[in-house]
């Protein structure tokens, strides 16, 4: 996500990838219902958290064995460890032009007890992105106009489309936005379109395959 803000998309992507529900640490309104089975709810949450911790521990242990003794250890676990540690097969990254946003993202990563090897954040203008892998998936949630003031939404989204064409060849780029007029200025045909709601805002979630 090259407009990651506080890091929600990269961090939740890591959680989903490791079988931890993204909303697991949130307080839910149903917890205030008169009929609420707190013990059962806690049991489900604890099971999910335990599975996540176990997967991370097993992957790290297998990677340590494999690094000490090439060819040793469970290959599937080693592959998982490589995926979620140093990004040799896959890397989850987030960047933003705002230093403040990136600091918030790093604080959120720390709160989840993750490291920069697992989810990497950096301050970077989207136009300066380079040296990406030959293929991958980007998911971005750009400013809507409702959330941030955009003097010229058409120009902004046109520039976004230009960045996608220049830097993301071979990638699938997903964009979530409520600014449908702005999306028209990207200058690319979406391979998929889905209607979602981000709070009260009706949004379009679109996939662009870059060739």
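FYI, it's all coordinate maths here, none of it is from the lab. Predicted model, so just to flag it, every value in this text is computed and none were measured. Methodologically, a virtual Cβ is constructed for each residue, glycine included, from the backbone with ideal geometry; neighbour enumeration extends over all protein chains shown.
Observations
- Approximating the spin labels as points 7 Å out from Cα along Cα→Cβ, the residue 130-to-residue 115 distance works out to 2.9 nm.
- Extension gain (nm, one decimal) between residue 201 and residue 97, 0.36 nm per residue minus Cα-Cα: 35.0 nm
- Between residue 8 and residue 51, the simple spin-label model (points 7 angstrom out along Cα→Cβ) gives 2.5 nm.
- For the Cα trace of the range 104-196, dividing Rg by the Kirkwood Rh returns an Rg/Rh value of 0.99.
- Distance distribution note for the range 5-46: the fraction of Cα pairs above 14 angstrom is 58%.
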